[in-house]
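Report on the following structure.
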Amino acid sequence: MVSKYIYIEGGGTGADSKDVDIACREGFRRLLENCGFQGQMPRLVACGGRDAAFDAFKRALAGNPAGNFLALWIDSEEPLENLEAAWNHLQLRDKWAQPSGAVDEQVLFMTTCMETWFVADRSALKAHFKDELQDSALPPLNALESRSRHDVQIILMHATRNCTNAYTKGKRSFEVPGKLNPAVLEQHLPSFVRVRRILNARL
């Protein structure tokens, strides 16, 4: 039987790490269900930081039976020059060597970060943060993936600063992915189009 695992940059590292890990897996599970993958869901592994996610992916890859699908789902951290050249990007940015047997389609990017997804789907943001959301503080929808992760994160925190559930990294951040509309994300985010194309072929 073919097994499918996705190692995610996301989850907890402190005292609340278990709760954050659960929230991370749940948020991504719901997003994948919204993409139509009910009944073919991979096992989602919340790894915490990006280095921990890469290490977990490498360990799994080293002992992976033929035919299983393993993927690494991480922030790109920087805009992508070539959307398809995933390992080249990680070599240049993170100094990560491409593991033996790994291919570019095993790297799924959030470009430049998970919060880019959130600002792309204005309806989901409004539904989640309610009327206190400051729409005018959000960035234009064109070329969202060219923005730095720090810029996107600061903008999102500023736009939600008056909300009772103001945006912060951690458990609260994983409340949003499951509310996102994949069709809307595909309109604005080429890297999300790539993720869905890969998962449609592999799951």
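The values are calculated or read from the model by the stated rules, or taken from the named source; none is laboratory data. This one's a predicted model, so the numbers in the text were calculated from it and none came from an experiment. Glycine gets a Cβ as well: all are built from the backbone with ideal geometry, and neighbour counts include every protein chain shown.
Here Leu80 meets the list (1) aliphatic (A, V, I, L, M); (2) outside the structural domain of Glu9 (by TED's automatic domain parsing); (3) in contact with a Ser or Thr (Cβ under 6 Å, 6 or more places away or on another chain) almost entirely, failing just condition (2). No other residue among Leu90, Leu72 is within 16 Å of Asp104 (Cα to Cα) and over 14 Å from the mean Cα position of the chain (by Cα) apart from Leu90.
Scanning segment 155-196 for residues that are over 12 Å from the mean Cα position of the chain (by Cα) and among the hydroxyl-bearing types (Ser, Thr, Tyr) yields Thr160, Thr164, Tyr167, Thr168. Going by what's in this entry, would Lys95 be described as farther than 19 Å from Ile8 by Cβ, modelled with pLDDT of 95 or more and in the same structural domain as Arg197 (by TED's automatic domain parsing)? Taking the combined requirement at face value, the residue satisfies it. Filtering Arg25, Arg43 for residues that are surrounded by fewer than 17 Cβ atoms within 10 Å (Cβ to Cβ) and under 29 Å from Val184 (Cβ atoms) leaves a single hit, Arg43.
Checking the structure you have, find out if any residue of segment 92-104 is surrounded by fewer than 20 Cβ atoms within 10 Å (Cβ to Cβ), free of Cβ contacts under 8 Å to residues at least 12 places away in the same chain and not in a loop (DSSP other than H, G, I, E, B). Yes. If you go through segment 176-184 one residue at a time, do you hit one that is outside the structural domain of Trp73 (by TED's automatic domain parsing) and either in contact with a strand residue (DSSP E or B) (Cβ under 6 Å, 6 or more places away or on another chain) or within 25 Å of Trp73 (Cα to Cα) (or both)? No. Condition first: more than 23 Å from Arg25 (Cα to Cα), at pLDDT 95 or above and either aliphatic (A, V, I, L, M) or surrounded by fewer than 21 Cβ atoms within 10 Å (Cβ to Cβ) (or both). Can you find one or more residues in segment 182-189 that meet it? Taking every residue of segment 182-189 in turn, at least one turns out to be more than 23 Å from Arg25 (Cα to Cα), at pLDDT 95 or above and either aliphatic (A, V, I, L, M) or surrounded by fewer than 21 Cβ atoms within 10 Å (Cβ to Cβ) (or both). Scanning segment 49-59 for any residue that is within 18 Å of Cys113 (Cβ to Cβ) and touching a Ser or Thr at 6+ places or on another chain (Cβ under 9 Å) turns up at least one such residue.
So if I check each of Ala120, Ala86, which one is under 18 Å from Pro190 (Cβ atoms), buried (at least 18 other Cβ atoms within 10 Å of the Cβ), in the same structural domain as Phe192 (by TED's automatic domain parsing) and touching a helix residue (DSSP H, G or I) at 6+ places or on another chain (Cβ under 6 Å)? Exactly one of Ala120, Ala86 is under 18 Å from Pro190 (Cβ atoms), buried (at least 18 other Cβ atoms within 10 Å of the Cβ), in the same structural domain as Phe192 (by TED's automatic domain parsing) and touching a helix residue (DSSP H, G or I) at 6+ places or on another chain (Cβ under 6 Å), namely Ala86. Pairs linking a residue in segment 187-203 that is without any contact (Cβ under 8 Å) to a residue 24 or more places away in the chain to a residue that is surrounded by 21 or more Cβ atoms within 10 Å (Cβ to Cβ) and not small (Gly, Ala, Ser), with Cβ atoms under 9 Å and 6 or more positions apart or on different chains, are Val193/Leu185. Restricted to strands (runs of 3 or more DSSP E) entirely inside segment 1-85, those with at least 3 residues that are under 26 Å from Asp121 (Cα atoms), of a type outside the set (Ser, Thr, Tyr) and in contact with a strand residue (DSSP E or B) (Cβ under 6 Å, 6 or more places away or on another chain) are 43-46, 69-75. Among the residues of segment 46-59, those that are surrounded by fewer than 17 Cβ atoms within 10 Å (Cβ to Cβ) and either of a type in the set (D, E, K, R) or modelled with pLDDT under 95 (or both) comprise Gly49, Asp51, Asp55, Arg59.
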